[in-house]
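*Asks:* First, the structure itself, so that you have it in front of you.
The values are calculated or read from the model by the stated rules, or taken from the named source; none is laboratory data. Note that the coordinates shown come from a computational prediction; the quantities given were computed from them, not determined experimentally. Here Cβ is always computed from backbone atoms with ideal geometry, including for glycine, and neighbour counts include all displayed protein chains.
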Amino acid sequence: MLSRTRAAAPNSRIFTRSLLRLYSQAPLRVPITLPNGFTYEQPTGLFINGEFVASKQKKTFDVINPSNEEKITTVYKAMEDDVDEAVAAAKKAFETKWSIVEPEVRAKALFNLADLVEKHQETLAAIESMDNGKSLFCARGDVALVSKYLRSCGGWADKIYGNVIDTGKNHFTYSIKEPLGVCGQIIPWNFPLLMWSWKIGPALATGNTVVLKPAETTPLSTLFASQLCQEAGIPAGVVNILPGSGRVVGERLSAHPDVKKIAFTGSTATGRHIMKVAADTVKKVTLELGGKSPNIVFADADLDKAVKNIAFGIFYNSGEVCCAGSRIYIQDTVYEEVLQKLKDYTESLKVGDPFDEEVFQGAQTSDKQLHKILDYVDVAKSEGARLVTGGARHGSKGYFVKPTVFADVKEDMRIVKEEVFGPIVTVSKFSTVDEVIAMANDSQYGLAAGIHTNDINKAVDVSKRVKAGTVWINTYNNFHQNVPFGGFGQSGIGREMGEAALSNYTQTKSVRIAIDKPIR
Ligand code: TAP
């Protein structure tokens with residue numbers, strides 16, 4: 001009797017502790033009132049196999065609003081064991097459902113998803129502004145491209161064609177494109193929802209399943225959007241979302257033997273590291289990395305239009321854009337004139353509360369990013385760059401930075417060489433086409449370039465000679481769902497959007513049939 005009582009005591013303590021843990025665990029959905037007064041329900045669990053669940057180890061992290069530095073909510077944090085579970089769910093969904101359904105089923109589901117994004121566009125844009133800090137103006141632009149791109153992917157889903165290859169009368173030979181399997185996708189914090197669509201769209205269209213890790217700073221829009229996948233008719237396990245840290249979740253995804261491909265967007269340093277980790281299991285890797293893109297203004301350009309484009313090229317999305325035109329080159333004969341116009345235009349841009357409809361530039365996404373940018377202001381000053389405007393924090397609450405222009409820079413300065421990822425631009429002077437091409441191409445990166453001129457011959461000539469994956473002429477940061485985007489040099493491997501994105505998610509199988517009695 002006594003021994004039985006003794007034996008029962010620890011068990012009941014364990015039971016009580018388990019109950020306590022169960023009831024003290026964070027909720028899987030919370031009501032959130034957005035800064036515009038609208039209330040919605042935010043999923044806060046990991047999205048695995050079609051359900052929001054707590055992480056196995058019950059770890060959580062806080063999500064901060066960068067505009068007021070206050071906590072928005074708490075989200076579950078995935079660890080290695082959660083990755084393993086999500087990958088197993090994605091593998092099963094790949095083998096038993098998504099890779100074997102009729103292609104038009106995948107098409108319909110992606111069309112539905114695009115429609116649902118459109119239906120919830122204002123909520124999604126508001127979530128993105130609150131979580132990332134970007135102005136509503138920018139967030140609405142993101143969401144519009146998300147629905148267009150998902151619809152475009154739906155259009156591709158039943159048009160993944162192979163080839164018939166003429167190898168002579170003794171064989172019938174063809175090749176087909178097959179999906180890869182489970183794809184690990186790691187996205188950054190500057191365009192969370194847009195990167196979600198650029199990653200899941202082509203993967204799903206071609207029959208793959210995904211485990212996607214949003215950045216720890218910005219998990220809310222992707223969690224909200226994942227429930228739309230269910231509603232769109234995408235089966236459980238096809239899309240799995242794991243908020244968590246890069247060093248745990250990202251690392252495990254990159255190393256996992258059942259993950260056949262890693263698609264990553266983020267810094268060049270992390271991209272390099274992921275490639276090394278993924279090498280052990282010979283994964284296919286696509287990378288969309290950093291940049292230090294040149295934006296060139298020739299004297300014959302429409303200067304007022306050019307100034308708007310170069311300002312948009314750097315200050316859009318608070319400068320947190322991989323292809324930001326962060327190095328401006330102005331032809332010497334109009335240098336001072338354009339610089340003055342750029343100063344005036346920059347000072348006219350409204351910075352502040354992302355929910356203010358007049359605001360162009362919202363907050364930087366994190367405290368870390370704010371301080372990185374302010375450090376670069378000090379670097380530029382110490383290197384001798386001339387501060388034309390900005391160069392300081394905007395206000396004292398929230399991670400706001402004044403749009404900043406540094407002129408008269410030298411090409412070997414750190415501020416000209418290194419990616420800042422904020423609203424800071426450098427301005428240099430050039431006199432000839434050859435000179436500006438040499439300056440523009442003097443970079444390890446090659447993501448984008450801008451050319452402003454009214455001379456079509458010059459525009460085409462420069463666009464051919466500049467080393468960049470995208471060249472914008474008399475425009476900038478101008479995306480379209482059918483136009484491939486990606487980098488030369490250390491700006492990346494592979495292309496997103498357009499038909500090019502599909503090749504990141506398929507592999508070619510060749511089939512040769514021997515013909516016994518060739519028909520003449
Ligand atoms: P990254 O480290 O590149 O973060 C991007 C994504 O990679 C995040 O989801 C991150 O996760 C994840 N990650 C981090 N370490 C990883 C690892 N060892 N294995 C797998 N995934 C990993 O960028 P950051 O530290 O946030 O920002 C630093 C700088 O990178 C920025 O200042 C900017 O210059 C550049 N950046 C560039 C881009 C683009 S689009 N080119 C985007 C973001 C940042 P967690 O952060 O959640 O841990």
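*Asks:* Taking region 259-285 only, how many residues are outside any helix (DSSP H, G or I) and either more than 8 Å from the ligand (Cβ to nearest atom) or within 20 Å of A93 (Cα to Cα) (or both)?
*Replies:* Looking only at that region, the number is 11.
Residue-wise test of (1) in a helix (DSSP H, G or I); (2) over 29 Å from V83 (Cβ atoms).
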position	(1), (2)
L124	yes, no
D131	yes, no
G141	yes, yes
Y149	yes, no
Y161	no, yes
S175	no, yes
E178	no, no
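*Asks:* Mind checking which strands (runs of 3 or more DSSP E) fall wholly inside region 434-520 and carry at least 1 residues that are of a type in the set (D, E, K, R)? If you could, list the steps in order and put the result at the bottom.
*Replies:* Values: elements: 448-452, 470-473, 506-514.
Correct list: 506-514.
*Asks:* Looking at region 336-373 only, could you name the residues that are farther than 15 Å from G319 by Cβ and polar (S, T, N, Q)?
*Replies:* Of everything in region 336-373, those that are farther than 15 Å from G319 by Cβ and polar (S, T, N, Q) turn out to be Q340, S348.
*Asks:* Quick one: which of I310, I328 is at pLDDT 95 or above, more than 13 Å from the ligand (Cβ to nearest atom), of a type outside the set (D, E) and not in a strand (DSSP E or B)? So that I can check it myself, show each step before the final result.
*Replies:* Details: I328 fails: not in a strand (DSSP E or B).
Matching residue, one of I310, I328: I310.
*Asks:* Now for a different question. Kindly list the number of the only condition in (1) under 12 Å from Q185 (Cα atoms); (2) within 12 Å of the ligand (Cβ to nearest atom); (3) surrounded by fewer than 24 Cβ atoms within 10 Å (Cβ to Cβ) that fails for E216.
*Replies:* (1)
*Asks:* Here are N441, N457: which of them is more than 16 Å from the ligand (Cβ to nearest atom), at pLDDT 95 or above and under 16 Å from C323 (Cα atoms)?
*Replies:* N441
*Asks:* Restricting attention to region 354-380, and to residues there that are assigned to a helix (DSSP H, G or I) and not aliphatic (A, V, I, L, M), which single residue is nearest to the chain's Cα centre (by Cα)?
*Replies:* Taking region 354-380 first, the residues assigned to a helix (DSSP H, G or I) are 367-380.
Those still in the list that are not aliphatic (A, V, I, L, M) too: 367-369, 371-372, 375-376, 378.
On the way: D367: 19, K368: 18, Q369: 16, H371: 22, K372: 20, D375: 24, Y376: 23, D378: 28 Å.
Checked region 354-380; the qualifying residue nearest to the chain's Cα centre (by Cα) is Q369.
*Asks:* Within region 350-383, count every residue that is of a type in the set (A, V, I, L, M, F, W, C), more than 16 Å from the ligand (Cβ to nearest atom) and touching a strand residue (DSSP E or B) at 6+ places or on another chain (Cβ under 6 Å).
*Replies:* 1
*Asks:* Given (1) more than 17 Å from the chain's Cα centre (by Cα); (2) within 12 Å of the ligand (Cβ to nearest atom), where does A205 come up short, assuming only one miss?
*Replies:* Here A205 meets the rest and fails (2).
*Asks:* Any residue in region 251-266 that is without any contact (Cβ under 8 Å) to a residue 40 or more places away in the chain sitting within a Cβ distance under 9 Å of a residue that is of a type outside the set (D, E) and within 8 Å of the ligand (Cβ to nearest atom)? List the pairs, counting only those 6 or more apart or interchain.
*Replies:* Final answer for the pair search is E251/S245; E251/H273; E251/I274; E251/V277; A255/V277.
*Asks:* Restricting attention to region 197-213, does a residue exist that is outside any strand (DSSP E or B), hydrophobic (A, V, I, L, M, F, W, C) and surrounded by fewer than 24 Cβ atoms within 10 Å (Cβ to Cβ)?
*Replies:* No, every residue in region 197-213 fails to be outside any strand (DSSP E or B), hydrophobic (A, V, I, L, M, F, W, C) and surrounded by fewer than 24 Cβ atoms within 10 Å (Cβ to Cβ).
*Asks:* While we're here: Would you confirm whether or not region 90-97 contains a residue that is farther than 30 Å from Y161 by Cβ, in a helix (DSSP H, G or I) and modelled with pLDDT of 95 or more?
*Replies:* We begin by selecting, within region 90-97, every residue farther than 30 Å from Y161 by Cβ; these are none.
Looking through region 90-97, none of the residues is farther than 30 Å from Y161 by Cβ, in a helix (DSSP H, G or I) and modelled with pLDDT of 95 or more.
*Asks:* Those residues that are part of a helix (DSSP H, G or I), over 17 Å from K92 (Cβ atoms) and more than 13 Å from the ligand (Cβ to nearest atom), I need them from region 221-258; list them, please.
*Replies:* S221, L223, F224, A225, S226, Q227, L228, E231, listed by residue number.
*Asks:* Could you give me the residue pairs with C-beta distances under 6 Å whose first residue belongs to region 371-392 and is farther than 15 Å from G422 by Cβ, whose second residue is in a helix (DSSP H, G or I) and basic (K, R) wherever it lies, and which are 6+ apart or on separate chains?
*Replies:* Sorted first by the residue in region 371-392, then by its partner, the pairs are V388/K343.
*Asks:* Restrict the check to region 404-416 and report whether at least one residue is free of Cβ contacts under 8 Å to residues at least 12 places away in the same chain, out of contact with any Phe, Trp or Tyr (no Cβ under 7 Å at 6 or more places or on another chain) and part of a helix (DSSP H, G or I). Outline the logic, then answer.
*Replies:* Restricting attention to region 404-416, the residues satisfying the condition of being free of Cβ contacts under 8 Å to residues at least 12 places away in the same chain are 412.
Applying the additional criterion that residues be out of contact with any Phe, Trp or Tyr (no Cβ under 7 Å at 6 or more places or on another chain) yields 412.
Among the residues that remain, those that are also part of a helix (DSSP H, G or I) are: none.
No, region 404-416 contains no residue that is free of Cβ contacts under 8 Å to residues at least 12 places away in the same chain, out of contact with any Phe, Trp or Tyr (no Cβ under 7 Å at 6 or more places or on another chain) and part of a helix (DSSP H, G or I).
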